[in-house]
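The values are calculated or read from the model by the stated rules, or taken from the named source; none is laboratory data. Please read these numbers as outputs of a predicted model, since none were measured by experiment. Every residue, glycine among them, receives a Cβ derived from its backbone with ideal geometry; neighbour counts consider all protein chains shown. Accessible surface areas use protein heavy atoms only, side chains included; no ligands, DNA or RNA. Shrake-Rupley method; radii C 1.70, N 1.55, O 1.52, S 1.80 Å.
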Amino acid sequence: MADVDITVVGGGVVGCAAAARAATAGLSTVLIERDRLLGAGTTSRNSEVVHGGMYYPTGSHKARFCVEGRRLLKEFCELHDVRYRECGKLIVAVSADEVAELERLQVLGAANGVEDLEMLDGDAVTTLEPEVRAVAALWSRRTALVDAEGAARAFGLQARHADAQIMTGAEVTRLERVDVGWRVTVDPPAGSGREGWTHTSRWVVNAAGLHCDRIAAMAGIDVDARGWRLQWSKGNYFAISPRHDGRVGRLVYPVPPRDGSSLGVHLCLDLAGRMRLGPDVEPMDGGVGEDYSVDPDRQEAFFAGGRRFLPFLEMDDLSPDMCGLRPRLKSWRPGQFTDFVVQREVGDFEGLVNLVGIESPGLTSAPALARQVVEWVQE
Ligand SMILES: Cc1cc2nc3c(=O)[nH]c(=O)nc-3n(C[C@H](O)[C@H](O)[C@H](O)COP(=O)(O)OP(=O)(O)OC[C@H]3O[C@@H](n4cnc5c(N)ncnc54)[C@H](O)[C@@H]3O)c2cc1C
């Protein structure tokens, strides 16, 4: 018999949600997080938007888990006092030739089960958001803002209350398949003076975010053959001067770029109402590590992008802010839709669940991914 039922590798919002779901279902659960804190990785470096789910092909993992995840996340945040605000979002067409794209998203959203989507003409947009320039917009009322790190920590707390062991400052360094499941080797940070350990686990869930390809390879999977090697893609943000705070009350997105690289540089609000533009797409070369610097030379491109729908913006309103790294598959090509990999292994890797390439809308999808993982474990 294995020491525990399930070991989750990674304490971002996805891993924490999985651990909470597993522990509350009565499974003996261990969560291992390399960082000192939960939710300090990509979970703390994003737009904190709870997406509706109108961008993704019907039937894809992204569509399914995003639509279900939004409902579950809202419910969870209400129950656990995590900050959540249904501010809504406008996807704006700034010229007549962009309207067809809004109509396509509306149809897709309806097919995906997205609630409360409405098409607005230019006058209706002006009534709603007088400072935004648009000839039409798709209004998603249910799109929300969430305290992402707060959600990860609340999932962690729920897991702990249900007797999960949450180990932070501890790194999974080895995975070996054994009779009862997996032997997991965990090491403390070098120089900490603490001891590492091994335990056996019936199931291992790879929720290691930017390092999910390394964890899959650690388990013996040929990640190149499966197209799972990551090439991180940086998403930068520029802050908008606080003198404009309060001028816009909803998230504002452009029609998404045709290459499918992102949802487009949009107006983000935080829970305090501060405004930022972002994220853009900056492919990263391998080997530079987790580089979170923001190149100030990108300011002009941000200004040009933002000014299309925010006519009040001036160049010197912008200043470099923060960035996040997308765990993007290296095999991604412009124009190509890439889905989440959500895979229960069989055969030689039985007992392993891989969550690979969980970029946006991964925050929104987290509780739905957790539900899927635990359903497999309980089968
Ligand atoms: C710029 C940007 C904007 C985004 N905007 C949105 C948005 O608005 N809405 C949305 O829904 N999604 C958004 N996303 C996506 C969302 O942020 C991610 O999908 C989500 O945070 C992924 O969470 P995670 O738990 O998988 O990964 P992470 O938060 O990265 O957690 C993985 C954890 O695994 C740990 N780890 C790695 N290796 C090991 C190991 N060997 N042992 C132990 N621990 C390990 C890491 O330390 C890390 O804490 C955005 C992403 C980016 C980059």
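Side notes on the structure shown:
- The set of residues from the range 347-379 being of a type in the set (F, W, Y) and farther than 30 Å from S47 by Cβ comprises just one member, F349.
- The range 12-22: number of residues that are open to solvent by 10 Å² or more (accessible area, probe 1.4 Å) and more than 17 Å from the chain's Cα centre (by Cα): 1
- Within the range 151-182, if we keep just the residues that are open to solvent by 90 Å² or more (accessible area, probe 1.4 Å) and assigned to a strand (DSSP E or B), the residue that is farthest from the ligand (Cβ to nearest atom) turns out to be R177.
- Restricted to strands (runs of 3 or more DSSP E) entirely inside the range 192-309, those with at least 1 residues that are of a type in the set (A, V, I, L, M) and more than 21 Å from N46 (Cβ to Cβ) are 197-206.
- Residue check, A272 of a type outside the set (K, R), open to solvent by 60 Å² or more (accessible area, probe 1.4 Å), away from the ligand (no atom under 15 Å from the Cβ) and over 30 Å from A301 (Cα atoms): no
- For the range 312-331, filtered to residues that are within 17 Å of the chain's Cα centre (by Cα) and not in a strand (DSSP E or B), the residue that is surrounded by the most Cβ atoms within 10 Å (Cβ to Cβ) is P327.
- Residue in the range 349-364 that is more than 10 Å from the ligand (Cβ to nearest atom) and part of a helix (DSSP H, G or I) present: yes
- Condition check for V9: within 9 Å of the ligand (Cβ to nearest atom), farther than 17 Å from G169 by Cα and crowded, with 23+ Cβ neighbours inside 10 Å: no
- Scanning the range 80-99 for residues that are open to solvent by 20 Å² or more (accessible area, probe 1.4 Å) and in contact with a helix residue (DSSP H, G or I) (Cβ under 9 Å, 6 or more places away or on another chain), we see that the one that is nearest to A134 (Cα to Cα) is E86.
Table: residues versus (1) of a type outside the set (V, I, T); (2) out of contact with any strand residue (DSSP E or B) (no Cβ under 8 Å at 6 or more places or on another chain); (3) without any contact (Cβ under 8 Å) to a residue 24 or more places away in the chain.
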residue	(1), (2), (3)
H80	yes, yes, no
Y84	yes, no, no
K89	yes, no, no
L108	yes, yes, no
A111	yes, yes, no
V114	no, no, no
G122	yes, no, yes
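- Single residue of the range 44-66 satisfying the filter (open to solvent by 20 Å² or more (accessible area, probe 1.4 Å) and among the polar types (S, T, N, Q)) that is nearest to G109 (Cα to Cα): T58
- Residue in the range 288-304 that is within 20 Å of P254 (Cα to Cα) and buried (at least 22 other Cβ atoms within 10 Å of the Cβ) present: yes
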